[in-house]
1. Along the Cα→Cβ direction, 7 angstrom out, place labels at residue 125 and residue 333. What is the inter-label distance in nm?
2. If N is the number of residues in region 294-408, what value comes out of its Cα radius of gyration divided by 2.2 N^0.38 Å?
3. Would you give the gap between the C-alpha center of region 422-499 and the C-alpha center of region 276-307, rounded to a whole Å?
4. In region 318-520, what % of DSSP beta bridges are antiparallel (nearest 5)?
5. Quick one: if the Förster radius is 41 Å, what FRET efficiency do residue 289 and residue 46 give, using the C-beta to C-beta distance and rounding to 0.05?
6. Quick one: length gained pulling residue 389 to residue 401 fully straight, 0.36 nm per residue minus the C-alpha distance?
7. Sort 77, 175 so that the residue with the fewest other Cβ atoms within 10 Å of its own Cβ comes first and the one with the most comes last.
8. Sorting 305, 258 on the 10 Å Cβ count, fewest up front, what's the list?
């Protein structure tokens, strides 16, 4: 989920979303102070990923893949269900023997965020070198926690594009004074264990992304890879880790507080064990060796390119958007796109029309207003519906009551509705892309984005089947034009002549946000 503006809005960041590892209410006690980043906050000493571990189960799986298929190959598996997405993150963390790197946009202070944090700390305490990069957007009031986390043995914590003055009013003032700089956020998501396994995709760390929210849950997608993809991921992580856009939490102008650290750790442990919805995952570290070794039977071999925008000097070098046009253009017969937030611009429509004209079957799935968590995006997307259809594409929008809710929610949780957060495409059932980039102005021009472009017919076929499943009438509305050129929606149950919405409030917000500039969405 990504904010509609540079500052949190109610739909994207509520009072729980204090960001990067803000995990308990007691930490708000520090919000009354207003620390700063010291003048030497910029990271000057460059450090790099450790060599891939040559032991442990993650190495065994990666080594087998590269021995069988070649050193440039990886074994891939899609993480389609939210339960698998959290389980395999825990599996990599628990199985790491030398290093663990996590890079994310949002890290929510909820059940899944707290569980992943505890397991990462436990990994550090058994000797694993842990590096964390989190965007600074939503860390307000949490500086003491971040500072104490940095002081933990074997953990280094860095903030992307941090506010130098940390209080509420100070942040607001800096936002006005330094809008261009502070408006650029790190939207990438990455987890690497031992330099042998990596998870790349679009999920932030939070209950909405792992099927544990009673409000709503997302259908999202990651790819788990063993082998060369992890080496590529090391390069991406090191680029951000050593960029001028990050600052160490050690540069926060604070003093150590042992009592605070002990109380925070106690709270995390107790809260995880009191959370009944975490029982299905297990709150204690586990031995995942047998399960991980069994993956060799189902991993799809292939090669990959990890594409990411670069945080170079004082600017973001936008690489992903231009590369994606070239990759989409490889399509000769079929292009399947699933993307949560789409505001295409005429260039995008013309591009798709050109593909259709040369015989490519183009099908697109995005959010309906009903499934949206950000009505502001729909406000600017909706004017393009007829353009997509007139360009010759098939257009689908996710139902808020989609039948795939059984994959999205993790029992006993039942979310209020299903939303879409996936960003992926398949070209000719040969190539697959899974990443963080939305097809909207913010992703194209402002934030940093990343994704894995994978040549693997097996993986591409599996992803195509998932996308086709999500386009079925029980999961999505087909958007069509009648004889008068008016848009209408059909699914397995009904036809609508007005865009589907959960309630009248959504429709009002959809109308209001139309007046805001689409460049910020």
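Please treat every number below as a calculation from the coordinates, not as lab data. What you see is a predicted model, and the numbers here were worked out from it, not measured in a lab. Every residue, glycine as well, gets a Cβ built from its backbone with ideal geometry; the counts of neighbours run over all protein chains shown.
1. Between residue 125 and residue 333, the label points sit 5.6 nm apart.
2. Working: Rg = 17.0 Å, N = 115, 2.2 N^0.38 = 13.4 Å.
Output field value: 1.27.
3. Here the answer is 26 Å between Cα centres.
4. Details: 24 of 35 bridges.
Of all bridge pairs located within region 318-520, approximately 70 percent are antiparallel.
5. Values: r = 35 Å, r/R0 = 0.84.
Computed FRET efficiency for residue 289 and residue 46: 0.75.
6. Details: separation 12, 0.36 × 12 = 4.32 nm, distance 2.40 nm.
Result for the pair: 1.9 nm of gain on full extension.
7. On the way: 77 19, 175 16.
Ordered from fewest to most neighbouring Cβ atoms within 10 Å, 77, 175 come out as 175, 77.
8. Working: 305 14, 258 9.
Arranged by neighbour count, lowest to highest, 305, 258 become 258, 305.
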